[in-house]
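Chemist: Structure provided below as structure tokens; questions to follow.
The values are calculated or read from the model by the stated rules, or taken from the named source; none is laboratory data. Keep in mind it's a predicted model, so treat the numbers as computed, not measured. Cβ: placed from backbone, ideal geometry, glycine included. Neighbour counts: every protein chain shown. These accessible areas exclude ligands, DNA and RNA; they are computed on the full protein's heavy atoms, side chains included. Shrake-Rupley method; radii C 1.70, N 1.55, O 1.52, S 1.80 Å.
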Amino acid sequence: MKLNSINIEPKAGIDAISIFVPNKYFSLETLAKARNVDKEKYTIGLGCKKMSVLSPFEDPVTMAANAGMELLEKNDIDPDEIGYVIVGTETGIDASKPIAVYIHEMLGLNTNCRCIDIKNACYAGTAALRNALHWTLSPGSRGKKALVVTTDVAFYNLRSAGEPTQGAGAAALLVSKNPGLLSIDLNNESVYTREVMDFWRPNYSNTAIVRGHYSLECYLEALEHTYKNYKKYTNLSFDDFSHFIFHTPFPKMASKAFKQMLKMENIDFDNFDRLFSQKVANSLIGGSELGNVYTSSLFLALNSLIEFGQAAEGRRIGLFSYGSGSSAEFLSGFFEKDISQWSHNTSLTEKLKNREAISYDRYVLYRAAYEQRMKEGYYGDDQPSENSRFVFRGVKNHQRQYSYFPCTSSKKEEIADQIDKN
Ligand code: HMG
């Protein structure tokens, strides 16, 4: 018998989602001009329009805190409800101290809360979600909810093939029992691991090292393996999935992935355009605007589908998560009753509109500042504001310096006195 949303018990999944979209972006058309490349190579060949760029007072911690803060505030979540914070990232800022502990403080969470980071290239976001799902169902969670946060900066060498696929962003998910937004089918999972050198970033390097075309092959191999096994384990067919969302290093990768699935299904390629626009296209809008957001990529695709697509209660979506190196998973979930409130109403459209384009010179300047982010030094006296609640101010005495407004905490006034941690 096929699985459906009604007979999956116990239920756990995503109750709320928030994406942090950096305020600055750099246009791929401008980059193409600077690199003397046909702009269609980037906009059509890769499917990218813009890349998010961090300004010097932002870093993976401020992005994560922004995503988490919006999630709590917009959904009226008491910080005391959170018992577990799991951050998925491959842009760590310390070999020892987790980003989760910084944002625990910045969000004013209860001390009775476990906080950890997970690293596994882009797959770390899905690994964090899996971990959170199992914890919420365990008796030890005592009804508390988990906060999954993903945060990354995709950063390649200037003039490298990967440069047009750069990006930055963060996502926050509230993970709970009986979720209102998306329940995950916990009875089934299909995973894949194979040691490959397709993409990696040694500790001494700011930029990733990539065997670009080989990485595409590794991604597609992992998809083939996990999708085939998922169908075998569940007895589901292609038509049982209303939508597919993919890890999206650049939007064209998702169309290559979907083509591969059609090939496996023996579906005539004449149907590609129709099926792609029905099942995939809307989930790629965020990725084309922000670039590769690594661990947040799958969640940005989910948010895009909800904002721009036809997400409806009871529909099953297939999710493919890939992390270089490599680890991958195919899983699925069902939209739940609250989807009607979220559909076309996630604020992603507004966030994409309210951004500022930067020039090539500023792009180069911000890159240079980003490259200094691990070194001792101050970038300025920027103070938090309504638009920029968390400010990275540099590194002093080997300690990262942040200023912020932790506004959701029940201890709001007490903590507000310490706004400037210096
Ligand atoms: P490249 O070699 O410069 O590009 O870099 P290309 O020559 O392959 O061209 C790209 C596409 O543009 C091709 O389309 C061209 O035909 C087309 P395709 O044949 O593939 O369909 N094209 C044009 N189209 C229209 N008009 C034109 C034109 N010219 C060419 N004038 C590459 C491409 C992806 C290799 C590079 O961007 C790269 O190295 N990116 C980084 C690695 C990456 O994103 N890998 C993806 C899979 S691995 C992954 O997803 C994991 C990751 O997220 C990291 C993690 O897990 O942590 C990266």
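Chemist: Could I get the Rg over Rh figure for segment 180-276? Both from C-alpha atoms, Rh via Kirkwood, rounded to two places. Present the calculation step by step, with values, prior to reporting the outcome.
Modeler: Working: Rg = 15.7 Å, Rh = 15.5 Å.
Reported Rg/Rh, Kirkwood definition of Rh: 1.01.
Chemist: Let me ask another. At what distance in nm do the modelled label points of LYS256 and SER205 sit from each other, each positioned 7 Å from its Cα along Cα→Cβ?
Modeler: About 1.9 nm, to one decimal.
Chemist: Rounded if a/c is under 1.5, else prolate if a/b is larger than b/c, else oblate: which is the chain, with a ≥ b ≥ c the root eigenvalues of its Cα gyration tensor? Let's see the in-between values first.
Modeler: Numbers: a/c = 1.70, a/b = 1.15, b/c = 1.47.
Oblate shape, in that a/c is at least 1.5 and b/c is the bigger or equal ratio.
Chemist: Using a 7 Å offset from the Cα along the Cα-to-Cβ direction at both SER277 and GLN341, what is the distance between the two label points in nm, to one decimal?
Modeler: Using points 7 Å along Cα→Cβ, the separation is 3.3 nm.
Chemist: Something else now. Quick one: length gained pulling ILE116 to VAL364 fully straight, 0.36 nm per residue minus the C-alpha distance? Numbers along the way, then the final one.
Modeler: Working: separation 248, 0.36 × 248 = 89.28 nm, distance 3.31 nm.
That works out to 86.0 nm of additional length.
Chemist: In whole Å, what is the distance between the alpha-carbon centres of segment 105-161 and segment 162-213?
Modeler: 11 Å
Chemist: Here's another thing I want to ask about it. Say R0 is 30 Å: what FRET efficiency, to the nearest 0.05, do ALA357 and MET197 get from their beta-carbon distance? Numbers along the way, then the final one.
Modeler: Values: r = 36 Å, r/R0 = 1.20.
In this case the efficiency is close to 0.25.
Chemist: Now a separate question. So how exposed is ARG315, as accessible area in Å² (1.4 Å probe, rounded to 10)?
Modeler: Solvent-accessible area, nearest 10 Å²: 80 Å².
Chemist: Run the paramagnetic zone check for HIS398: 7 angstrom along Cα to Cβ, then residues of segment 60-104 with backbone nitrogen under 16 Å.
Modeler: Under 16 Å, as judged by backbone N against the label point of HIS398, lie 93-98 of segment 60-104.
Chemist: State the volume of the convex hull built on the alpha-carbon positions of segment 1-109, expressed per residue in Å³ and rounded to an integer. Walk me through the numbers on the way to the answer.
Modeler: Working: hull volume 22.1 nm³, N = 109.
Hull volume normalised by residue count: 203 Å³.
Chemist: Additional query: Taking R0 as 25 Å, what FRET efficiency do you get between ALA312 and ASP78 from their Cβ-Cβ distance, rounded to the nearest 0.05?
Modeler: Numbers: r = 30 Å, r/R0 = 1.19.
After rounding, the FRET efficiency stands at 0.25.
Chemist: Springs between alpha-carbon pairs under 10 angstrom, Gaussian network model over the chain: which of SER176, SER283, SER242 fluctuates most?
Modeler: Of SER176, SER283, SER242, the most mobile in the Gaussian network model is SER242.
Chemist: Calculate the FRET efficiency for THR349 and LYS41 from the Cβ-Cβ distance with a Förster distance of 25 Å, rounded to the nearest 0.05. Walk me through the numbers on the way to the answer.
Modeler: On the way: r = 27 Å, r/R0 = 1.09.
The computed FRET efficiency comes out at 0.35.
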